[in-house]
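First comes the structure, then the notes that go with it.
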Amino acid sequence: MSINELYREVILDHYRAPRHHDHLDNPDAEAQGNNPLCGDEVTVELKFDGDTVADIAAVSAGCSISQASASMMTQALIGRDRKEVDELVHAFKAMMSIEEADSLPIDPERPGAVLGDLEALQGVRKFPVRVKCADLPWATLEQALAGDE
Ligand code: ZN
C-alpha cells in the first residue's frame, strides 16, 4: 500500500466513524463554523479540567476532508493543556501551509511526530479549496478558545 493510499484509508476511517461526534452536556466553550464554499458545518465544544481539555466534541456535517479533520482534531486535543493545544494548532496550520513553519516546535517534514493521524491530511495542502475544508474545525476551535478567555 502506498503512503497516499494509507492516508486515504485513514481519512475515510475517520469520515465513516467520526470520533467525539456527540454534543457535550454543558460545555465550557463552544463555537460554530461553516465553510460556504463546500457546505461544511461544524460545532466544536470543549470541557476543561483546569487548563486541560477534559472532553471535546466536534459535531460535523459536510465533506470527508472537513469531517475527518474534525474527528482527528478531537483525538489530538483531548487531554492536552492550553499550551499544547496552541502548539498543535500551529503545527497543523504549518503542515497545511496556512502559516509559516519556521518558528514552530515541530519539524514540518515530520508532522506525524506531533499530529498523529492528522498527518494524513497533508496531501490536501496541494488543493487550496480543500485546505479550507480541513481548516474549518481548527478555525472553529480557535473561536471557541477565544470566547473562553
Ligand atoms: Zn469540504
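The values are calculated or read from the model by the stated rules, or taken from the named source; none is laboratory data. Bear in mind the structure is a predicted one, so any value in this text is a computation, not a measurement. Virtual Cβ from ideal backbone geometry, glycine too; neighbours counted across all protein chains shown. Heads up: the accessible areas ignore ligands, DNA and RNA and are worked out on the full protein's heavy atoms, side chains in. Shrake-Rupley method; radii C 1.70, N 1.55, O 1.52, S 1.80 Å.
Things worth noting here:
- Scanning the stretch 7-24 for residues that are open to solvent by 80 Å² or more (accessible area, probe 1.4 Å) and under 22 Å from LEU115 (Cβ atoms), we see that the one that is farthest from the ligand (Cβ to nearest atom) is GLU9.
- Search result, residues across the stretch 37-57 that are within 16 Å of the ligand (Cβ to nearest atom), open to solvent by 50 Å² or more (accessible area, probe 1.4 Å) and part of a strand (DSSP E or B): GLU41
- Test: residue in the stretch 25-32 that is within 16 Å of the ligand (Cβ to nearest atom), open to solvent by 30 Å² or more (accessible area, probe 1.4 Å) and touching a residue at least 60 places away in the same chain (Cβ under 8 Å): yes
- If the condition is being of a type outside the set (A, V, I, L, M, F, W, C) and touching a strand residue (DSSP E or B) at 6+ places or on another chain (Cβ under 8 Å), then the stretch 115-141 contributes LYS132, PRO137, THR140.
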